[in-house]
Amino acid sequence: MPELQPSLDAAALKVLALVTAQAGQHAKTGDYVRGLKIENVRGKKGVRDRLVVATDPNSISIELGHLTRPLGEGVAGPRRWVPGLRIMGTALTRLPKADR
């Protein structure tokens, strides 16, 4: 359905802008923001679709959270939970319902 491709591109750019804005509030190194991109993928029944993806190797831990130990404590140090930033999830809630 070639006539839908421009609409898909526009929607993906809108989502990417929301995710980038959300990620920019938490950027320490900028790696996460630099790793955001749009992929053109094969969807259901061969239809081309768009995905906004985070390619940073730590993106899952950044989004969902992770366990860590304080520096200098070694492997025996206490572990603590670092909550995820929910960058993608929060951006989705900011997307108007008509665009979801």
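Summary of values
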| quantity | calculated |
| --- | --- |
| Debye, to nearest 20: dipole size of the chain, +1 on Lys, Arg Cβ, -1 on Asp, Glu Cβ | 240 debye |
| Values of log10 I(q)/I(0), in the order q = 0.11, 0.24 Å⁻¹, for the chain under a Debye, Cα-only, solvent-free model | -0.44, -1.27 |
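Just so you know, all these numbers are worked out from the coordinates, no wet-lab data involved. Quick caveat, the model's predicted, so the values are computed rather than measured. Counting neighbours? That spans all protein chains shown, and the Cβs are built from the backbone with ideal geometry, glycine included.
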